[in-house]
Amino acid sequence: MIDLEWLRSFAAIYRLGTVSSAAGARYLTQPAVSQHLAALEAAIGQSLFVRTSRRMVPTERGKELYSRVAQSLDTLEHVLRRPDGAAPEKPIVRIGSPQEYFYETALPRLAGATCRLWVEFGPTPELLERLERGELDLVIATQRLSTRGIEYGKAADERFVLVGSPEKMRSGGRRPRPANLDQVERWLGGLDWISYGVELPIIRRFWQEVFHRRPEIRPVLVIPSLHAILKAVELGYGVSLLPDYLCRGAVSAGRLRELWKPPMPVANELWLACRKTDLHRDEILRLRERLGAG
DNA sequence: TACGTAACGGCTCATGTGAC
DNA sequence: GTCACATGAGCCGTTACGTA
């Protein structure tokens, strides 16, 4: 007979990745949780995790079991937590995202969601790692990493727009003919640039895709925030590349100007990632639909 | 019915083991 | 050396059972 406590410990190990952290989360000691898992594996007759030196990696049987019990255990946890007569507690979905995309695009789409949302920001590789570890439920990713057990759905395309302030452009010297890439490169290389980082992320990619070489640019301003870059461009610090969803409003309002359109647009795909074992969860499916990856 | 006692289950603490 | 899991020893609460 399988004890419910064994399953609760199993789910905690699955989500948190180690027996020790699962023990902490369950207010038990590590040996207690270790014994729960050993008893569950003995009852089932199969290993549910591969013991590596640093992590407990679920086996196929472990993944299958988790997908079958996770929703029921969550429901049970909610029922046990809520006081008698209280309305059923909404499930929690933990979302990881790039800050600017979430603020500009995801947040308006999530208005009226029927679950509670806990949002965290960070770089995509880190967020995907945390998704795999069970610390997040849904990640808006700027790239697809080959991670087993993660399902990706296309959420959106973002096009990078080369922008500057109208005042800066008036004093920026004579503009080259748009079709002459050598002239355009020399012209752009002579402008003041604002970059997200010293390694010139976005700018480097733009340069390589358009001019097929590395940019020789020393940015006048480095700010790891796209919103701050937008403001800095408006204030005339220099020019930069921004996602279309972020600068569209400022361009329409005349605060920014698109300086030049490359022959082929430089774009990025945005993905919505979740664990395959969570694909049965209603709240996950609904959020995927809202965010465009249904 | 009340009490004493043994058995059992589940926990913690301490420690061993293996991987990095 | 550090980190994480497994294991043995011992403690404690619960339960079953016998006895007054």
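The values are calculated or read from the model by the stated rules, or taken from the named source; none is laboratory data. Source: prediction; values computed, not measured. Every residue, glycine among them, receives a Cβ derived from its backbone with ideal geometry; neighbour counts consider all protein chains shown. For the accessible areas, the whole protein counts, side chains as well, though only heavy atoms, and no ligand, DNA or RNA atoms are used. Shrake-Rupley method; radii C 1.70, N 1.55, O 1.52, S 1.80 Å.
Quick notes on this structure:
- For segment A:1-55, the set of residues classified as within 10 Å of DNA strand B (Cβ to nearest atom), crowded, with 19+ Cβ neighbours inside 10 Å and over 22 Å from A:Leu76 (Cα atoms) is empty.
- Residue satisfying condition, being open to solvent by 20 Å² or more (accessible area, probe 1.4 Å) and in contact with a Lys or Arg (Cβ under 9 Å, 6 or more places away or on another chain), within set A:Glu258, A:Glu234: A:Glu234
- Residues that are within 7 Å of DNA strand C (Cβ to nearest atom) and part of a loop (DSSP other than H, G, I, E, B), drawn from segment A:18-39: A:Thr18
- For the condition in the same structural domain as A:Arg248 (by TED's automatic domain parsing), modelled with pLDDT under 75, more than 22 Å from A:Gly197 (Cα to Cα) and open to solvent by 30 Å² or more (accessible area, probe 1.4 Å), A:Arg177 qualifies.
- Counted residues, segment A:268-294 - those being more than 30 Å from A:Asp74 (Cα to Cα) and over 17 Å from the mean Cα position of the chain (by Cα): 0
- For segment A:41-62, the set of residues classified as aliphatic (A, V, I, L, M), within 11 Å of DNA strand C (Cβ to nearest atom) and part of a helix (DSSP H, G or I) consists of A:Ala42 only.
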